[in-house]
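Visitor: Before we start, here is the structure in question, set down as structure tokens.
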Amino acid sequence: MPLAIVLLLAVPLFAGTGEKSWRRRRVAVLSVLLILLTVTTLAALGVMSPWSPVMDAGTALATPVAYVQGRSPLELQGALVVQGGARGPALDGVATRLTRDQLIRQVLQGGGNMPAYGKNLPPAEVNTLVAFLETLRPSNQPPARPPVTARPVARAE
């Protein structure tokens, strides 16, 4: 598209008739300068702006022993699914923030900067992964609880 704009603005320079001096084509020169300024500004902002959160978890490091010690076989299989990932945020306290249903939804549908894995993981792997994620919380903190919904108040007649 920018090339087409430049070509259209350059047509008078190559045509047999019309004004060819850039000094007398102020609108065309101003248009080209404005386009170049806009493209340069957007490119610079794109290079300088962060597009993703800082992911400081290791990529090829083994899962820490503290995370797998004393886990059930189902939870250990979930740890293997986590280990297969390339990179991501630290999940140390994820079970204090998200309930089981929220973890399942997050894995299947994604959200935020997490991609959806609903089409990539079979249900058995999702269950093992969520079972492992539910264990990732400090021992002195309770697991996340679902929000309390208000019950309708019965009216006295």
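The values are calculated or read from the model by the stated rules, or taken from the named source; none is laboratory data. On a predicted model such as this, the values are computed, not experimentally measured, just so you know. Using ideal geometry, Cβ is built from the backbone for each residue, glycine included, and neighbour counts are taken over all protein chains shown.
Visitor: Please count how many residues of the stretch 54-96 are exposed (fewer than 13 other Cβ atoms within 10 Å of the Cβ) and either more than 23 Å from Asn120 (Cβ to Cβ) or at pLDDT 75 or above (or both).
Guide: Number satisfying all stated conditions: 9.
Visitor: Further question: Answer yes or no: is there a residue in the stretch 13-28 that is modelled with pLDDT under 85 and in contact with a Leu (Cβ under 6 Å, 6 or more places away or on another chain).
Guide: Yes, that holds for at least one residue.
Visitor: Please specify each residue of the stretch 124-140 satisfying the condition of being hydroxyl-bearing (Ser, Thr, Tyr) and surrounded by fewer than 19 Cβ atoms within 10 Å (Cβ to Cβ).
Guide: Scanning the stretch 124-140 gives Thr135, Ser139.
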